[in-house]
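A short worksheet on the structure shown next.
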Amino acid sequence: MSSLTEKNRPIVQLLLNTGTCPRCILRFCCVGSQMLYRHPHKDLMKDLQEFLKNSQEEEDTVCLDVADPPCKRIRLEHRAEGAEDLNHNGAVPQLPSAGHGNAARESSAGDVCNVCLGILQDFCEADFVKKVCQKVNSADYQFTSFVFSVSLPPQLSVRERAAWLGVKQQMRNLGLPLPKDDIVQLKEAYKWIIHPQLSEELGVSADGKSLFEVSVVFAHPETDEECRFLATACPDCFKPAKNKQSVFTRMAVIKALEKIKEEDFLKHFPCPPRSPKNLCDALEIQCNNGAVFVAGRYNKYSRNLPQTPWIIDGERKLESSVEELISEHLMAEFKADSFNFSSSGREDVDVRTLGNGRPFAIELVNPRRIHFTTEEMKMLQQAINDSSDKIQVRDLQLVTRSAIGRMKEGEEEKTKTYSALIWTDKAIQREDIAFLDDIKELKLDQKTPLRVLHRRPLAVRCRLIHTMKSEYIDEHHFRLHLKTQAGTYIKEFVHGDFGRTKPNIGSLLNRTADILELDVESVDVDWPPTLAD
């Protein structure tokens, strides 16, 4: 059972007199029953006025027959010390009844709450709920549940503190203790009211773990300046941040309110707070779906195609890339806002990727569509493959965020197999290169190549060439098949990079060597899972 008792009467009467809405009064009385907050505003007002009228006549508790679930609380102030619970004859000191001169004022429908600035009034009504649901439905998202989030103006915390100090002063003047030193959070009370209405309108349940978020951002321009005195009193709480438009964030204001002394607060802000003229504005109603992840393997058959867009000094060098050829189809089908591409290593623009291909993953940000059958994913894969002869995709599938870590784990640990077409300045015979086949676990010291020094730190990296197999072509050409540690710079191993890679094919053959073509034949990362055709 959740109830208002005689000890709540001075709080109810004070707050009603100063322009606080019924739901905020319930919060300040620490009423934790969700069902009660969902009662219509007018009914709650009538009930509170009736409570004041009857409370002096009836010592018993006025009970409201609703469930009493546990709720979160927000601590506003340490309990006042030295207040006596009872007067000398053991009775609670009495306030004038609601029928006398200082009775609670009649609150009109147009009054804006001096604490919540109308959030627990107009923004709990069916019209606003329908407005939110219209926004959700027009955005055309796929979802099976939702999580609701609210962004509140930071000055609400200031007003809440001011109202609490007003209550505290009144109770102290009456010689009464505060029943509790915490109240129900505004956000929590608002969600108690709004969740069932949104669920009914949208036809799905509210779920705190849902990936589909419906958010409302509230603002109240009329009272925006009310936090500024805190910056003077507690300047260390308000530090500029790159991604914040204002230093007066909700968390910074709460931190300052915890730090400021009560007497300093009362010098700068009225207690209780004055009623505003205008309601809050619902600045934004937004929807956002959690990211969806798609993985697969790609083959690259072109020697004139970068993995990612090739842009130098703002100028695009080539018209397309592996990333774009794959992502444009995924973006269109998933109706996403943006994407992030990652892969198990990368090849140069002039290097082909053959064999089973290179593992890749794409994060699709805020997708409208999230449900795809196995057959639909096959059709999407086919559409990508039909769109270009430069790439092909296989094993296209939906994966989890955590599964992508397996691809990155294998990036440095696994092996890769290459095929390099090599040229030598001096003529060679088969027997000149045959010894390469016998070399196993060749250790290299590779200083950061000159061609990537602009984007990689200067370092000497130790790498292994596990095996090599030579294939003679003519006096100046041979093909070398290599199995290497991931991260080995193959081009530099062939030509030496002006001595920055030691040993190298040139030094092993005692002649100048260069690489004409390079193919990646396999990336030995066992991910993503192979799918049946």
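Within the range 483-500, identify whether any single residue is in a strand (DSSP E or B) and at pLDDT below 95, and answer yes or no. Steps first, please.
In the first step, residues of the range 483-500 are kept if they are in a strand (DSSP E or B); the result is 483-485.
With the extra rule that they be at pLDDT below 95, the set shrinks to 485.
Yes - at least one qualifying residue is present in the range 483-500.
How many of the residues making up the range 393-410 are crowded, with 17+ Cβ neighbours inside 10 Å and either without any contact (Cβ under 8 Å) to a residue 12 or more places away in the chain or among the acidic types (D, E) (or both)?
Final tally of qualifying residues: 1.
Collect the residues in the range 167-191 that are of a type in the set (A, V, I, L, M, F, W, C), over 16 Å from Q13 (Cβ atoms) and over 23 Å from the mean Cα position of the chain (by Cα), keeping them in residue-number order. Outline the logic, then answer.
Our first condition is that a residue be of a type in the set (A, V, I, L, M, F, W, C); within the range 167-191, this holds for 167, 171, 174, 176, 178, 183-184, 186, 189.
Those still in the list that are over 16 Å from Q13 (Cβ atoms) too: 183-184, 186, 189.
Of everything in the range 167-191, those that are of a type in the set (A, V, I, L, M, F, W, C), over 16 Å from Q13 (Cβ atoms) and over 23 Å from the mean Cα position of the chain (by Cα) turn out to be I183, V184, A189.
From S215, S246, grab the single residue that is without any contact (Cβ under 8 Å) to a residue 12 or more places away in the chain and either touching an Asp or Glu at 6+ places or on another chain (Cβ under 8 Å) or surrounded by fewer than 19 Cβ atoms within 10 Å (Cβ to Cβ) (or both).
Working: S215 fails: without any contact (Cβ under 8 Å) to a residue 12 or more places away in the chain.
After ruling out the rest, the residue left standing is S246.
Examine the range 223-237 for a residue that is touching a helix residue (DSSP H, G or I) at 6+ places or on another chain (Cβ under 6 Å), open to solvent by 100 Å² or more (accessible area, probe 1.4 Å) and modelled with pLDDT of 90 or more, and state whether such a residue exists. Steps first, please.
Going residue by residue through the range 223-237, those that are touching a helix residue (DSSP H, G or I) at 6+ places or on another chain (Cβ under 6 Å) are 223, 226-227, 229-230, 233-234, 237.
Narrowing the set further to residues that are open to solvent by 100 Å² or more (accessible area, probe 1.4 Å) leaves none.
Looking for residues that are touching a helix residue (DSSP H, G or I) at 6+ places or on another chain (Cβ under 6 Å), open to solvent by 100 Å² or more (accessible area, probe 1.4 Å) and modelled with pLDDT of 90 or more, one finds none in the range 223-237, hence no.
So, in the range 221-259, of the ones that are polar (S, T, N, Q) and over 27 Å from the mean Cα position of the chain (by Cα), which residue ends up nearest to S157 (Cα to Cα)? Steps first, please.
Let us first name the residues in the range 221-259 that are polar (S, T, N, Q), namely 223, 232, 243, 245-246, 249.
Keeping just the survivors that are over 27 Å from the mean Cα position of the chain (by Cα) gives 223, 232.
On the way: T223: 12, T232: 17 Å.
My answer is T223.
I need the full set of residues from the range 498-533 which are over 19 Å from I433 (Cα atoms) and surrounded by fewer than 19 Cβ atoms within 10 Å (Cβ to Cβ), in order please.
Filtering the range 498-533 for residues over 19 Å from I433 (Cα atoms) gives 498-501, 519-533.
Within the range 498-533, F498, G499, R500, E521, S522, D524, D526, P529, T530, L531, A532, D533 qualify.
Might you check whether a residue that is outside any loop (DSSP other than H, G, I, E, B), open to solvent by less than 10 Å² (accessible area, probe 1.4 Å) and touching a residue at least 24 places away in the same chain (Cβ under 8 Å) occurs anywhere in the range 471-481? Spell out the reasoning first.
Going through the range 471-481, the residues outside any loop (DSSP other than H, G, I, E, B) turn out to be 471-474, 477-481.
Next, from what is left, pick out any that are open to solvent by less than 10 Å² (accessible area, probe 1.4 Å): 478, 480.
If we keep only those that are touching a residue at least 24 places away in the same chain (Cβ under 8 Å) as well, we get 478, 480.
Yes, the conditions are met somewhere in the range 471-481.
Counting only residues that are in contact with a helix residue (DSSP H, G or I) (Cβ under 7 Å, 6 or more places away or on another chain) and modelled with pLDDT of 95 or more, which one in the range 164-189 is surrounded by the most Cβ atoms within 10 Å (Cβ to Cβ)?
So, considering only residues that are in contact with a helix residue (DSSP H, G or I) (Cβ under 7 Å, 6 or more places away or on another chain) and modelled with pLDDT of 95 or more, the one surrounded by the most Cβ atoms within 10 Å (Cβ to Cβ) is A189.
Assess whether H268 counts as being farther than 30 Å from V132 by Cβ and either modelled with pLDDT under 95 or open to solvent by 70 Å² or more (accessible area, probe 1.4 Å) (or both). Walk me through how you get there before you give the answer.
Values: farther than 30 Å from V132 by Cβ: yes; either modelled with pLDDT under 95 or open to solvent by 70 Å² or more (accessible area, probe 1.4 Å) (or both): yes.
Yes: the conditions hold for H268.
The values are calculated or read from the model by the stated rules, or taken from the named source; none is laboratory data. Here the structure is a predicted model, which means the values were calculated and not measured. Reconstructed Cβ throughout: ideal geometry from the backbone, glycine too, with neighbour counts over all protein chains shown. What goes into the accessible areas is simple: the full protein's heavy atoms, side chains included, and nothing from ligands, DNA or RNA. Shrake-Rupley method; radii C 1.70, N 1.55, O 1.52, S 1.80 Å.
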